[in-house]
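Accompanying notes for the structure given below.
The values are calculated or read from the model by the stated rules, or taken from the named source; none is laboratory data. The structure displayed is predicted, hence computed values, not measured ones. Backbone-built Cβ (ideal geometry, glycine too); neighbour counts: all protein chains shown.
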C-alpha cells in the first residue's frame, strides 16, 4: 500500500508555524517602529526598517529550524520530507514577508503623511556605511547586516525580489549552521559559521556588482567577476547551501 | 509486519554497543525487551525506530531497510523519555495534530486516554510533572496504533496507579488492535505478565528470545523444610535462597525432570514457577557479581 508523499503536508505545516511566529515578530517590530514616531522627526518606512530586522529574524528562525528534524522523525516522517518541506516553507516565507511588510508600510505611510509632519524615508543602507575604514571584521559584520537595498519606489518587483532573496539566504545559513552543530559537533558548527559568512559575502558582493553598488574594500577583488556571471553565482551559492543542509541532515541520528 | 535483524552492529565512534545481533519478530504480540543499564536496549530500539542507522549488518522491516523509508517510518512509533522543554502546547492540543502524520491514529481514543491519565487542561506539556509527561508519552504511543509500537521505559516516571492503568489499557487495546509492541523495562517483576515473548540482551548481544512460558519453565522455586530443601537442591544451580524459620525457598535454574519431581514430592516440597526477574538477574550477572 503506497501512501502519498508527506512533504507537501510538512511544508504547509512548517509554513504556517513559522508564519505565526512571523506575525508576532512583525507586530512587535511595528510597535517599535510606531514608537519611534514619538522620539524622532525622521522615520524609516516600515519596509526599509524591516530590511535589516528581517534578515536577523530569518537567521534566528533558520537556526531554530533544525529542531523540526527530531520532531518530524519522531512522528514517522523521513529526513528527506522534513528537508524538502522546510525548503519550500522557508522559500514561501521569504516571499510572503516582503509583501506583508510592504503592505504594512503603505498603510503606515498613508497614516503618517496624512496625520503628522514626520518625514518618512526609504533610507538606502549605503548612506549608513560611508565611513567604513577597511577594517575586515567591521566589513564582514556590516556586509552581514547591511544587505544591498533597492527602494520599492524605484522598482517594486526588484525591491521585493531582492528582499526575498536576502531573507531566504539568511534563513538557509541559519539552518546550515544549526545543522552542522546538530550533526557533527561544536567545532564544525563554528566552522560553518565561517562558511555562512562567506556565503553571505559572496551573495551580497554579486548583487552589488549587478546593481552597480560599490563593493566593500576587502571584497574589491571580486570586481573582476563579469556582471553576466553574478546572478548565476548567486544561484549556485544558494544551491550549494541547500545541498550542504541536505548532506548534513540526510543521515543525522537523533540523540536521545 | 515483521522485523528481522541480521548481524546487526552499532558503535558510537570506537565504542561498540551492539554486537552481531540476530533476531526476528513476526507476530503482533507484546515483546518484553530486558537488559541491564547500558546493555544496548535504547540503541537497538533507535535503529528499529529509524532514529539512527546501524554501523553494519542489516535490519529489515517487512523486508526493507526502515531508515528513511517513508512507508515504513509512518508505521513505527518509538516513544522514549522525551525532554519536553520548550513545548508550549497542552496535551489535548498536541494530539489534535498527530493524525496528520500517523495513518492509524485515533483521536477519540487519545482524548479518552488524556482524561483517564488526567492530562486535560491548558497546561503546556513542558509544565507538567515528569510523571504526567511520561503518561502523555504513553497516550501518544497507544493512540498512534502503529503496527510497530515501541515504549522505551517511558513508564518509569509514572506512579504505581498510573502504571497499572497503562498496563490495563495496553492489554485492552492490544486485544482490539493487535500490533507488535516492544516494551523495554527494568520493572521486570511488575510487568512480566504483559509479555507474550521475552528478549534479554546483555552487553550488546541477544542472550535469549523465547515465549514467556518457555522462559519461566527454565527454572523452579522449591519451598519446604530447610533440610529437605537443602537435600533436594544439592548439586543444582541455585539462583536465589530465602529462609524464614524452618521454611526455606530456593530458586533453581534448569528444568525439572520426572525423577526430580518425584523426589521433591517424596520430600514433601512444593514446586512452583520461577519468576522472570530472578532469571533475568541470574542470566545477566556480571562475572564479578558471582559469589
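Given the residues A:36, A:9, which is the only one that is within 14 Å of chain B (Cβ to nearest Cβ) and either part of a helix (DSSP H, G or I) or surrounded by 13 or more Cβ atoms within 10 Å (Cβ to Cβ) (or both)?
Numbers: A:36 fails: within 14 Å of chain B (Cβ to nearest Cβ).
None of the others qualify; the one that does is A:9.
Based on this model, can you work out whether residue A:231 counts as exposed (fewer than 14 other Cβ atoms within 10 Å of the Cβ), outside any loop (DSSP other than H, G, I, E, B) and in contact (Cβ under 8 Å) with a residue 24 or more places away in the chain?
Values: exposed (fewer than 14 other Cβ atoms within 10 Å of the Cβ): yes; outside any loop (DSSP other than H, G, I, E, B): yes; in contact (Cβ under 8 Å) with a residue 24 or more places away in the chain: yes.
Judged against the criteria, residue A:231 is a match.
Return the residue satisfying two criteria in turn: it lies in segment B:226-250 and is at pLDDT 90 or above and part of a strand (DSSP E or B), and of such residues it is nearest to residue B:277 (Cα to Cα).
B:250
Can you find even one residue in segment B:252-261 that is closer than 30 Å to residue B:186 by Cβ, touching a residue at least 12 places away in the same chain (Cβ under 8 Å), touching a helix residue (DSSP H, G or I) at 6+ places or on another chain (Cβ under 7 Å) and part of a strand (DSSP E or B)? Outline the logic, then answer.
First, the residues of segment B:252-261 that are closer than 30 Å to residue B:186 by Cβ: B:252-256.
Now restrict to residues that are touching a residue at least 12 places away in the same chain (Cβ under 8 Å): B:252-256.
Now restrict to residues that are touching a helix residue (DSSP H, G or I) at 6+ places or on another chain (Cβ under 7 Å): B:252-253.
Filter once more, so that each one left must be part of a strand (DSSP E or B): B:252-253.
Yes, segment B:252-261 contains a residue that is closer than 30 Å to residue B:186 by Cβ, touching a residue at least 12 places away in the same chain (Cβ under 8 Å), touching a helix residue (DSSP H, G or I) at 6+ places or on another chain (Cβ under 7 Å) and part of a strand (DSSP E or B).
Which residue out of B:138, B:198, B:188 is within 15 Å of the chain's Cα centre (by Cα), within 25 Å of residue B:102 (Cα to Cα) and either modelled with pLDDT of 95 or more or assigned by TED's automatic domain parsing to the domain that holds residue B:42 (or both)? Lay out the reasoning, then the answer.
On the way: B:198 fails: within 25 Å of residue B:102 (Cα to Cα); B:188 fails: within 25 Å of residue B:102 (Cα to Cα).
That would be B:138, the only listed residue that is within 15 Å of the chain's Cα centre (by Cα), within 25 Å of residue B:102 (Cα to Cα) and either modelled with pLDDT of 95 or more or assigned by TED's automatic domain parsing to the domain that holds residue B:42 (or both).
Among the helices (runs of 4 or more DSSP H) lying completely within segment B:31-130, list those that include at least 1 residues that are assigned by TED's automatic domain parsing to the domain that holds residue B:208 and within 18 Å of residue B:155 (Cβ to Cβ). Talk me through it step by step, then tell me what you get.
Working: elements: B:41-48, B:70-73, B:91-98, B:107-116.
In segment B:31-130, the matching helices (runs of 4 or more DSSP H) lie at B:41-48, B:91-98, B:107-116.
Of the numbered conditions (1) in contact (Cβ under 8 Å) with a residue 60 or more places away in the chain; (2) surrounded by 18 or more Cβ atoms within 10 Å (Cβ to Cβ); (3) closer than 23 Å to residue A:169 by Cα; (4) more than 14 Å from every other protein chain (Cβ to nearest Cβ), residue A:49 fails exactly one; give the number of that condition.
(1)
Take residue A:158 and decide whether it is under 18 Å from residue A:235 (Cα atoms) and in a helix (DSSP H, G or I). Full working, then the answer.
Working: under 18 Å from residue A:235 (Cα atoms): yes; in a helix (DSSP H, G or I): yes.
Yes; evaluated as a whole, the condition is true for this residue.
Based on this model, can you work out whether residue B:156 counts as buried (at least 21 other Cβ atoms within 10 Å of the Cβ), under 21 Å from residue B:30 (Cα atoms) and touching a residue at least 12 places away in the same chain (Cβ under 8 Å)? Break it down into steps so the answer makes sense when it comes.
On the way: buried (at least 21 other Cβ atoms within 10 Å of the Cβ): no; under 21 Å from residue B:30 (Cα atoms): yes; touching a residue at least 12 places away in the same chain (Cβ under 8 Å): yes.
Spelling it out, it is not the case that residue B:156 is buried (at least 21 other Cβ atoms within 10 Å of the Cβ), under 21 Å from residue B:30 (Cα atoms) and touching a residue at least 12 places away in the same chain (Cβ under 8 Å).
Please pick out the residue among A:238, A:200, A:245 that is assigned to a helix (DSSP H, G or I), at pLDDT 95 or above and either within 14 Å of chain B (Cβ to nearest Cβ) or under 14 Å from the mean Cα position of the chain (by Cα) (or both). Before the answer, list the steps.
Working: A:200 fails: at pLDDT 95 or above; A:245 fails: either within 14 Å of chain B (Cβ to nearest Cβ) or under 14 Å from the mean Cα position of the chain (by Cα) (or both).
Selected residue: A:238, the only one of A:238, A:200, A:245 that is assigned to a helix (DSSP H, G or I), at pLDDT 95 or above and either within 14 Å of chain B (Cβ to nearest Cβ) or under 14 Å from the mean Cα position of the chain (by Cα) (or both).
For segment B:95-120, how many residues meet the condition of being more than 9 Å from chain A (Cβ to nearest Cβ), on the phi < 0 side of the Ramachandran plot and free of Cβ contacts under 8 Å to residues at least 40 places away in the same chain? Don't jump to the end; show me each part of the working.
Applying the first criterion (more than 9 Å from chain A (Cβ to nearest Cβ)) to segment B:95-120 yields B:95-96, B:99, B:104-120.
Okay, now just the ones that are also on the phi < 0 side of the Ramachandran plot, so B:95-96, B:99, B:104-117, B:119-120.
Filter once more, so that each one left must be free of Cβ contacts under 8 Å to residues at least 40 places away in the same chain: B:96, B:99, B:106-108, B:110-112, B:114-115, B:119-120.
Summing the residues that are more than 9 Å from chain A (Cβ to nearest Cβ), on the phi < 0 side of the Ramachandran plot and free of Cβ contacts under 8 Å to residues at least 40 places away in the same chain in segment B:95-120 gives 12.
Does residue A:185 count as under 27 Å from residue A:74 (Cβ atoms) and loosely packed, with under 13 Cβ neighbours inside 10 Å?
Numbers: under 27 Å from residue A:74 (Cβ atoms): yes; loosely packed, with under 13 Cβ neighbours inside 10 Å: yes.
It is true that residue A:185 is under 27 Å from residue A:74 (Cβ atoms) and loosely packed, with under 13 Cβ neighbours inside 10 Å.
Taking the conditions exactly as written (farther than 15 Å from residue A:76 by Cα and facing chain A (nearest Cβ under 10 Å)), does residue B:85 satisfy them or not?
Details: farther than 15 Å from residue A:76 by Cα: yes; facing chain A (nearest Cβ under 10 Å): no.
No; evaluated as a whole, the condition is false for this residue.
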